[in-house]
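Here is the structure we will look at.
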Amino acid sequence: MQTTDIGSKEDGKLWHRKPVPSNNGILVTVIRSASAYQSKTVRFLQVAFDTTGESFLAGDHHGNIYVIDISRNRFKLVQKTGQACTALAFNLRRTTEYLVALSDYSIKCFDQDTKQLVSWMRGHEGAVSSLSVHSSGRYAISTSSDTAQLWDLDTFQRKRKLNVRQSVGIQKVFFLPLSNAILSCFTDDSIFAWESDTLFSKYQLPVPQDGPRIHYKAFAVTQDGKMLAAGGRSNLIHLWCLDSQQLFRVIQMPPKVRTVRHLDFLPDSFDGGSSQVLGVLSQDGIMRFINIHTCKQLFDIGSYDDAITSAAVCPKGRHIAAVMDNGSLRIYNVQSLTQETNKPPQPLVKVVTTNKRGDSSCLKMKVHTGAVQRPAKTSGRRIQTKRLRTPAVSTLEDKENDMPDALSKKRLRTLLRTFGEYPEKYRMFIWRSLLQLPQNHAAFSSLTDKGVHSAYLCLHERYPIKSHRLQRGLQRVLSALAHWSAIFGEAEYLPLVAFPFVKLFQNNPLICFEVVATVIMNWCQHWFEYFPNPPLNILSMTENVLAHHDKELLQHFVDCGVTSQLYAWPLLETLFSEVLTREEWLKLFDNIFTNHPSFLLMAVVAYVTCCRAPLLLCTHREDFEYFFHHRNTLDISAMLKEAYRLMETTPADLHPSSMLSDFEPLTHGQYPIFNKYPTFIVEYQSQERERIRQQEVEYLRERQALQDLRAEAVRQQAEDEAWYTQQELLQEAEEQRRRILQQEENKLAEQRARLGAMKRELKVKELTLLDAARRRFLKHQQNQHKIELNRLDDEIQRKMTLRAQETAAAVQDMEVRQMELDAQRRLFEQQLAKEQERMRQEVRAEVDARQRRAEAEDSTFQNLLQTDSDISQETKRVLEESLAEAGQLEVDAEWQTEVIRRLEKADEEQERQRQHLAELSRETHAKEEQLVQLMMEVEGKRWNDVVAKRGQLEEDKQAAAESQWRSRRSQQADTTTQNKLRRSQEESVNQLVEKKLQSPCSTRGLLHKPDSLQADTTNICLNNQSSTEDSTCFSLDRGRGTLDREEQELLQEVRELRQKLATRARAADWTSQSVSSQHS
């Protein structure tokens, strides 16, 4: 393990050779020794990792902030704040900035690169205990005992403030990872979740009602924000599932853990943020890492002699930075710590070897392999409590905590009689089983929470102990006893009784307290009845037993004036700790705890009788006092045999067991009331002690006030003397400065006179130089004027020549321009003539095309008329044949008269329907004709605006054609033939469409601009024509888009009309066929 002393360095290496982690995982230990005293070190207080996990901040007691980079093997002093820090944060959005909470209740933000102060935030009235930064790095929450404040790290302004009642304080407020929730924990064990944006309450975790209060002090959340661990003044740890908002599991730590100071999850690269390993730092300075699912302890860091005060776990789970109790900073490698747990398991098959001697007297233990027995499932929904399983390495303290509950006292006595003592390895197990300790954690915590009792504030003065830790443990146990019963604060010999047990159980104060309390309740019966005197009744019992078994020794004590208070009471009040060694004392108390409480008195008599030879030689009181307060040569086994003999041979009327009660263990839950003492004496002594303490406090206060007055007088006198001395010095300095000023003034007057003479000389020289310079300037100015005149003449001449050249060039350009204009004019005339000729040819071609279309329409119309006449004759022929056949049938079939009559009625009905349909058809045809006429009129009106003369001509032609078409339709209208009507209507519609498509008003018939003119770049408008042209003026592009759209709409209407006519024609055909079938 390497140790680096950074001292007063501002930059350097952490290690000079690459460290190899030891079995305990320590990479390096960093200390900072004071510059003036090499033996003293400056304590580190806080640590905080950054988001990468490769570097962290460390703040010491003097306000120095260091950045320690593990990957680069460097440390750097980045800030000197001048006061101790209470919290750090190194995971801001700007990675070079960090937050420091100082002891003056303020928060400062620094930049580690520039070492400049970025912002200074105030608002807390108490020390800031924690800083929590949002996962985005934009917001932070600072927590003190009375308030929590939300800060915006972009503007460093306070957004919100959480205030609470005076009766309920704040434990911690922090952000949940991967969410916008804020978790607030209060001193009444209530936990609330809030929205960070709106600060609306999301939910509250239910406060556990079963069992004693834990008084939450430490909290930890997994990186995925789904699991919360909480611990406090107990060895229980609550695991909350934040998704279901229910208590997930309760983990019970070993009994040696009484208070949880810090919790932190150990992340893993493959767990997806749901950490499985939880680090628990307890009051003994050991941080234990456990698996929250299997409740198995994986490893631990720190020890009782090298305790940890605070720790921070790397976000990547690779390193742990711990602040030790001695003020140093220690860096652990997690990989080396987990190597032992990651080893493959031991082989399941093992060879059992037999002992040839077959000694049956030795202890036998059964080793169970195979499946682990699990508890039966219950149908209820109670929270499952798991007890933490300690590592397989068995130590004395671990055996204390894993005490079995069922041990046979009879078998223990047999074992004790055989070996004389219990095995060292299992002694604490057996003692706890014999004493039946209840382990009342809550009751003991309530006693220790009251602090140090006033009777033991100066315990170190009366009983100085080299080990400070042992001193504190003894003070804690005695204070708890004094708070339990007032008599224990007055008994002066109580520290002597408790000291051997405190030394034996210094790692477990609860067990120590309960062992001492059990000893007092059972083996110290009737000790306090004669308080403040020694227990005369107990000493009389001892003296009666001694008189029965060794009258000679008792008579020797009487002759020498030695009473039981001299030879028995020193052994009882120290419980033999002064006269026996540790092994002898443990062996003795193995027997005392196994037997009746009267065995302690028998042990006192046995000790005296076993030492009767040297005691008979002592005649002076001082010798007896020395003998019973120092160790002597004694066979402890012989003493125990003698004690058992006395227990068996002492008569019942003299036996102490008749006057002492049997063993009674401490009660569970709460400790029993102890009032077997004269209360008035204790109360009187307490009052006297309190009065003396008040007088001492008053005396100390007056003495302090007197010392303050004396110090004030001395200070005032020193100030007066200093003031007078200062005044004298000021006067002397004033006189000296006056003399200096006088000398300086004289020197200044002489210098002024010399300066005046020098100024006059310089003035004369200056005037001379000025006159010469003026004359030289005038001459130079005249020369410049001449040169300027010559230059102006040359410039005028050059401009005149240039103007003449420009005039000649302009004349030539005008002539060239005139020729270009003439050429353009002639070209324009030629193009205009060509355009007029092209327009004339297009008009002539259009007229010829119109004539050819008119002839084609006439021939088509004649063909239609011939077809209509043929169809009419065929129809007449069919009708005549039908009528003849009907007449013949009427003549030939008289018996069908009634049927024919009925058929005639049906024919009449059909005829009426046919006439009605014909009438409807005529009306529909008339309406369609009106619609077509209206559409044509609308079309003619629209084109009339575009081409007035040509439109009028086309309208006349269409009107004539329409009149002829109407006359032809009126002659050919026949209601008996619907097919003829359908064909004529379709042909008329087709003719109308063809006329529209062939009409010169359509955009399809318009004349298009020739390609030659489209490519021409001259400004020629085709709408302009010469006066000799008689054709109409029109534009090629005017209204083309509108006409195309109207044409498409008209074609759609024509298609719809065709569909309607086809439907009606089919209906008419069906009607005619039905009529024909009836006639037939």
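Once ligands and nucleic acids are excluded and a 1.4 Å probe is used, how much of V277 is accessible, expressed in Å² to the nearest 10?
20 Å²
Taking 23 Å as the cut-off for C-alpha to C-alpha distance, list the pairs among K40/K256; K551/K641; K108/K316 that go past it.
Pairs exceeding the cut-off: K40/K256; K108/K316.
Could you list which residues have their amide H under 5 Å from that of S310, counting only those 5 or more apart in sequence or on another chain, with H placed in the peptide plane?
V323
Tell me the net charge near G756. Cut-off is 14 Å between Cβ atoms, G756 excluded, with +1 for each Lys or Arg and -1 for each Asp or Glu.
+3
Measure off, as a whole percent, the carbon and sulfur share of the 1.4 Å-probe accessible area of the stretch 106-235, all protein chains present.
47 percent
Per residue, how many Å² of accessible area does the stretch 673-801 show with a 1.4 Å probe?
That works out to 95 Å² for each residue.
Tell me, what HN-Hα J-couplings in whole Hz come from the Karplus equation 6.51 cos²θ - 1.76 cosθ + 1.60 at θ = phi - 60° for each residue of the stretch 575-590, using x for Gly and Pro?
Result, rounded to whole Hz: 6, 6, 5, 8, 10, 10, 7, 4, 5, 5, 5, 4, 5, 4, 6, 4.
If the convex hull of the alpha-carbon atoms of the stretch 12-94 is projected onto planes in all directions, what is the mean projected area in square nanometres?
Numbers: hull surface 27.0 nm².
Orientation-averaged projected area of the Cα hull: 6.8 nm².
Within the stretch 499-584, what whole-number % of the accessible surface is contributed by carbon and sulfur, with the 1.4 Å probe and all protein chains included in the calculation?
With neighbouring chains kept in place, the figure for the stretch 499-584 is 48 percent.
What does the net charge come to around F528 if you take all other residues with beta carbon closer than 13 Å to its beta carbon, with K and R at +1 and D and E at -1?
Neighbourhood net charge equals -3.
Semi-axes of the equivalent ellipsoid of the stretch 260-318: what are they in whole Å, largest first, if each equals the square root of 5 times a C-alpha gyration tensor eigenvalue? All intermediate terms of the calculation are to be shown ahead of the outcome.
Values: eigenvalues 87, 31, 15 Å².
In descending order the semi-axes read 21, 12, 9 Å.
Give the ranking of D793, D907 by solvent-accessible surface, highest area first, calculated with a 1.4 Å probe.
D793, D907
Between L457 and Q731, how many nm apart are label points set 7 Å from Cα along the C-beta direction?
Between L457 and Q731, the label points sit 5.4 nm apart.
Tell me, what is the 1.4 Å probe accessible area of M819, in Å² to the nearest 10?
Per-residue accessible area (M819): approximately 120 Å².
Computed FRET efficiency, Cβ-Cβ of E664 and S103, R0 56 Å: what is it to the nearest 0.05?
Working: r = 52 Å, r/R0 = 0.92.
That gives a FRET efficiency of 0.60.
Could you give the accessible area per residue of the stretch 106-149, probe 1.4 Å, as a whole number in Å²?
Per residue, the stretch 106-149 has an accessible area of 41 Å².
What FRET efficiency do you get for K799 and E829 if R0 is 41 Å and r is their Cβ-Cβ distance, rounded to the nearest 0.05?
0.35
If you stretched the chain out fully between W120 and Q751, how much longer would it get, using 0.36 nm times the residue separation minus the C-alpha to C-alpha distance?
Fully extending the segment from W120 to Q751 adds 221.4 nm.
I'd like the Kirkwood hydrodynamic radius of the stretch 1-156, using the inverse of the mean 1/r over distinct C-alpha pairs, in Å.
One over the average 1/r among Cα pairs gives 16.4 Å for the stretch 1-156.
What figure in square angstrom, to the nearest 10, would you give for the accessible area of R701 with a 1.4 Å probe?
The accessible area of R701 comes to roughly 130 Å².
From largest accessible area down, sort Y66, Y463; use a 1.4 Å probe on the protein chains.
Y463, Y66
What is the spin-label model distance, in nm, from A773 to S540 if the labels are put 7 Å beyond Cα along the C-beta direction?
Reported label-point gap for A773 and S540 is 13.3 nm.
Under 9 Å from the Cβ of P570, count the other residues' Cβ atoms, weight Lys and Arg +1, Asp and Glu -1, and hand me the total. Don't jump to the answer; show the numbers that get you there.
Working: positive: none; negative: E573, E578, E625.
Net charge around P570: -3.
Report, to two decimal places, the Cα Rg of the stretch 551-694 normalised by 2.2 N^0.38 Å (N = number of residues). Walk me through the numbers before you get to the answer.
Working: Rg = 18.3 Å, N = 144, 2.2 N^0.38 = 14.5 Å.
With N residues counted in the stretch 551-694, Rg over 2.2 N^0.38 Å equals 1.26.
Could you run the Karplus curve 6.51 cos²θ - 1.76 cosθ + 1.60 with θ = phi - 60° over the stretch 596-601 and give me ³J(HN,Hα) per residue in whole Hz, x for Gly and Pro?
Once rounded to whole Hz, the list reads 5, x, 6, 5, 4, 5.
Just grab the label-to-label distance for V20 and R74, each label 7 Å out from Cα along the Cβ direction, in nm (one decimal).
Those two pseudo-labels are separated by 2.8 nm.
So what are the ³J(HN,Hα) numbers for the stretch 65-73, from phi and the Karplus equation (6.51, -1.76, 1.60; θ = phi - 60°), rounded to whole Hz, Gly and Pro as x?
10, 10, 9, 10, 9, 6, 5, 9, 6
Mind jotting down the three principal axis lengths of the stretch 159-219 based on Cα atoms? Whole angstrom, largest first.
36, 27, 18
Quick one: grab the alpha carbon gyration tensor of the stretch 641-735, order the square roots of its eigenvalues as a ≥ b ≥ c, and give me rounded if a/c is under 1.5, else prolate or oblate depending on whether a/b is larger than b/c.
It comes out prolate by the Cα gyration axes.
Could you work out what % of the accessible surface of the stretch 709-844 is carbon and sulfur, using a 1.4 angstrom probe and leaving DNA, RNA and ligands out of the count?
On the stretch 709-844, the fraction of accessible area on carbon and sulfur atoms equals 57 percent.
Counting only protein chains, not ligands or nucleic acids, how are Y724, Y567 ordered by accessible area (probe 1.4 Å), most first? Each step should come with its number before you reach the end.
Details: Y724 140, Y567 5 Å².
Heavy-atom accessible area, descending, gives Y724, Y567.
Can you tell me the FRET efficiency between N180 and A926 if r is taken as the Cβ-Cβ distance and R0 is 51 Å, rounded to the nearest 0.05?
In this case the efficiency is close to 0.05.
The values are calculated or read from the model by the stated rules, or taken from the named source; none is laboratory data. It should be emphasised that the depicted structure is a prediction, and the values quoted were computed from it without experimental measurement. Reconstructed Cβ throughout: ideal geometry from the backbone, glycine too, with neighbour counts over all protein chains shown. Quick note on the areas: whole protein, heavy atoms, side chains included, nothing else; ligands and nucleic acids left out. Shrake-Rupley method; radii C 1.70, N 1.55, O 1.52, S 1.80 Å.
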